[in-house]
Amino acid sequence: MDPVQTLTILAAALATYATRVGGYLLIKSMKTIPPRMEAALNAVPAAVLASLVAPSFVYGGLDVTVTLIVALIIGLRAHSLVMLVASWAFVIAFRHFSGL
């Protein structure tokens, strides 16, 4: 492997580890978490999910976009596993019948 690639991977690993440890140490050093920080921490899962789904929604093609809309509608009414299975079946049927 190229030394530059190795150093890049090691630097990324070190940066990831430092942010995780830094966050842990910051939270551990506080006696109570301020309400604004708690609100920000509670928003992290939604932000991560949006950052993973949004590119697929925009650039994934018609089948992916329609399936994500169907998954959203089903997800508002049903459990996660039901949404997963129904969306999986929908995208397979959509691709089969549309020729994608």
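Just so it is clear, none of the values below were taken in a lab; they were calculated from the coordinates. Since the structure is predicted, the reported quantities are computational estimates derived from the model, not experimental observations.
Taking all pairs of different Cα atoms in segment 44-100, averaging 1/r and flipping that mean, what Kirkwood radius in angstroms comes out?
Computed over segment 44-100, the radius equals 11.9 Å.
Per residue, how much space in cubic angstrom lies within the convex hull of the C-alpha atoms of the chain?
Each residue corresponds to 185 Å³ of Cα convex hull volume.
Please compute the contact order of the chain in relative form: average sequence separation of alpha-carbon pairs under 8 Å and at least six residues apart, divided by the residue count, as a percent.
Relative contact order, the chain: 16 percent.
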